[in-house]
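Working notes, structure below.
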Amino acid sequence: MSDTQTPQQRHANMAAIHGKDTKPEMVVRKWLWGHGYRYRLNHPRLPGKPDVVMRKYRTCIFVNGCFWHGHHICFPSDDLQSAIESSECCKIPKTNIEFWVKKIRRNKERDSEVQRRLASMGWHCITIWECELRPNVRENTLRSLAYTLNRIFLQDHSIRRYEILDKEPMMAAEEMEEYNNSETVEKRLTE
């Protein structure tokens, strides 16, 4: 099957697609802002410059296009024939298959590496796919996002109770030697 456009026309079409301020990203950002969540965009100091960064929740949100990030596409081997199977939301072009398979595979590997690096830095990563923001499922996806953010916040900011034993606490003026031998400062974490 041949392409209906010349290589120059196809190149111009693909080059016109930008990675920032996409429609799915704007949907997520408007919903978050309207529900009181505050965020930063494309934080330059974090790996991968996540689409939405929520410092309060220590969470990065990636709003991925299904085609560019290979949603539901599995690359089991280097054989191109096994990778040609498109998913419902990600259709691999019939022309220049080798280029597109390599590009999508590279994007998926980079996404995984970025999320591993963020997790090792203590950040939570949430990926929202373009197909999850279609009008018929959008509200469920965004409610699920709010639920996840609230769970992350509660887990990370849980109240810790400290119990002080019956003895009087040490005074700052007492000597360190007496402090080291004393058991009066013991605190115990209770859940």
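The values are calculated or read from the model by the stated rules, or taken from the named source; none is laboratory data. Note that the structure is predicted; figures quoted are calculated from it, not measured. Glycine also receives a Cβ, built like all others from the backbone with ideal geometry; neighbour counts cover every protein chain displayed. Ligands, DNA and RNA are excluded from the accessible area calculation, which covers all protein heavy atoms including side chains. Shrake-Rupley method; radii C 1.70, N 1.55, O 1.52, S 1.80 Å.
Please list, ordered by chain and number, the residues whose modelled amide H lies under 5 Å from the amide H of C125; skip anything fewer than 5 residues away on the same chain.
C60
Provide S120, S87, S144 ordered by accessible surface of protein heavy atoms (probe 1.4 Å), highest first.
Order by accessible area, largest first: S120, S144, S87.
Are there any trypsin sites (Lys or Arg not before Pro) in region 93-141 that are in a DSSP loop and have at most 16 other Cβ atoms within 10 Å? List them by number.
Loop-located and lightly packed - K94.
Fully extended, how many nm does the chain gain between T4 and Y147 (0.36 nm per residue separation, minus their Cα-Cα distance)? Numbers along the way, then the final one.
On the way: separation 143, 0.36 × 143 = 51.48 nm, distance 4.49 nm.
In short, 47.0 nm is gained.
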